[in-house]
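Inspection log for the structure reproduced underneath, given as structure tokens.
The values are calculated or read from the model by the stated rules, or taken from the named source; none is laboratory data. What you see is a predicted model; the values in this text were computed from it and never measured. Note that each Cβ is placed from the backbone with ideal geometry, even for glycine, and that neighbours are counted across all protein chains shown. Surface accessibility is based on the protein's heavy atoms, side chains included, excluding ligands, DNA and RNA. Shrake-Rupley method; radii C 1.70, N 1.55, O 1.52, S 1.80 Å.
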Amino acid sequence: MSIVIAVDGTAASGKGTLAKLLARHFAFAHLDSGALYRLVALGVREAGGDARNESDAVAAARALDLTRAGDAAIRSDAIGRLASVVSAYPPVRAALLQFQRDFAAHPVGGSPGAVIDGRDIGTVICPDATAKLFIDAKPEVRANRRWKELQSLGISREEPHILAELIARDQADRSRPISPMKPAADALLLDTSDLDIDAAFAAALALVKPKIEAVLRALPRG
Ligand code: CDP
């Protein structure tokens, strides 16, 4: 079994950035599971389908092109919204489940561990994860962060509009019957509202380090 750090949380809470920094710190592989749902949404759009049509979403999930995970086109707020729609279909989640579990079990590059960020990593994908974090921040703070992120991608949106969308998406992600966004019972909670990225990383590291180092120490040397 590999070491797994599950980083779940609300939209634009900083979970992706924290997951990347944790992966770099421990030299673990990183998977942004949200990118998978965003790729499904992009696939539906490019096929001329409709995300509100379950069979269009399932077809896109089964034809997923993972080589496009770095594509800037998946980062728009429109694709984020559609990702939330397609992610509520059980067969879409089923199509993506094994890939995520395989990533956790066999992290790329022969690394001893994986950091995966998303909504249901600690609850459904990796319930036995070594360490689990649930990241949140005040909606206004998250909207401002997302506004800056979109600006840097050349996408200009009104902040109140982003705020309304984040709240609506969180509500949809929390209330769906399958894999709702929620902290696992054994997740450690981190609110990053008043923390810049360095302080948030220090806090996240302090929470997971004892668990990760205990397992790393127990690994056979070689
Ligand atoms: O970056 P942001 O937090 O806005 O979103 P994301 O992590 O890229 O996820 C986009 C959408 O995919 C979310 O709103 C969820 O509906 C869905 N998602 C999910 O259902 N399960 C995951 N493990 C990750 C994302």
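Here are some notes:
- Single match in Arg93, Arg142, Arg146, Arg169 (criterion: closer than 22 Å to Gly43 by Cα, within 13 Å of the ligand (Cβ to nearest atom), touching a helix residue (DSSP H, G or I) at 6+ places or on another chain (Cβ under 7 Å) and part of a helix (DSSP H, G or I)): Arg169
- Which listed residue, of Ile125, Ile135, Ile212, is farther than 16 Å from Asp8 by Cβ, open to solvent by less than 40 Å² (accessible area, probe 1.4 Å) and in contact (Cβ under 8 Å) with a residue 60 or more places away in the chain: Ile212
- Among the candidates Ser111, Ser152, residue that is farther than 20 Å from Ala29 by Cα and out of contact with any helix residue (DSSP H, G or I) (no Cβ under 6 Å at 6 or more places or on another chain): Ser152
- Unique match (being modelled with pLDDT of 95 or more and part of a loop (DSSP other than H, G, I, E, B)) among Lys182, Lys211: Lys182
- In the set (1) open to solvent by less than 10 Å² (accessible area, probe 1.4 Å); (2) closer than 28 Å to Asp194 by Cβ; (3) more than 13 Å from the ligand (Cβ to nearest atom), the condition left unmet by Ile116 is number (3).
- Test: residue in the stretch 181-200 that is in contact with a Phe, Trp or Tyr (Cβ under 6 Å, 6 or more places away or on another chain), under 19 Å from Phe28 (Cβ atoms) and either away from the ligand (no atom under 11 Å from the Cβ) or open to solvent by 50 Å² or more (accessible area, probe 1.4 Å) (or both): yes
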